[in-house]
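Report on the structure given below.
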Amino acid sequence: MKSYPSELKANVVKEHVDKGVSCSQLSKTYNIPTRNIQKWVKKFRDSGENYSCFFNGPFNKNSIVSRGSKIPPVVYENSGIDLDEISRLCMEYPDLAQTLQALKDLVIEKDIEIRVLREQVEFVKKNLNQRK
């Protein structure tokens with residue numbers, strides 16, 4: 001079975017939902033089986049019409065494993081990242097999606113590094129105080 005990029009799935013569904021293009025017409029345009037498009041539309045509707053359902057499987061921003069990463073949700077919250085807004089922007093500007101993802105990952109990585117360094121500083125301070 002052929003796999004299709006998440007952005008393509010979202011764009012095809014968006015054409016169907018927003019512009020009213022039939023699944024059969026989209027099938028001819030994109031050379032994708034009609035049944036696949038129907039499944040994508042169903043998935044979109046079942047998700048509450050949230051395009052993030054196409055990006056890395058089921059998405060739960062409150063879970064420990066979100067968007068395929070093992071980053072706790074508190075890191076997203078503390079970094080000021082609104083995952084729903086990111087999903088919406090990725091749909092509007094698909095060519096910027098990769099850049100946005102890379103920048104988001106960098107912010108999260110830096111936040112984790114800061115937390116680790118703070119813990120290390122506290123550990124060193126504690127050990128220095130015990131030696132005195």
Quarter of the surface of the C-alpha convex hull for segment 1-54, i.e. direction-averaged projected area in nm², equals 3.3
Here FRET efficiency (C-beta to C-beta, Val107 to Lys14, R₀ 30 Å, nearest 0.05) is 0.65
Phi angles of segment 41-46, converted by Karplus (6.51 cos²θ - 1.76 cosθ + 1.60, θ = phi - 60°) into ³J(HN,Hα) in whole Hz with x for Gly and Pro, give 5, 4, 4, 4, 5, 5
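The numbers here are math on the coordinates, done by the rules we state, and not lab data. Remember, it's a predicted structure, so these values are computed and weren't measured experimentally. When we count neighbours, we look across all protein chains shown, and the Cβ atoms used for this are built from the backbone with ideal geometry, even at glycine.
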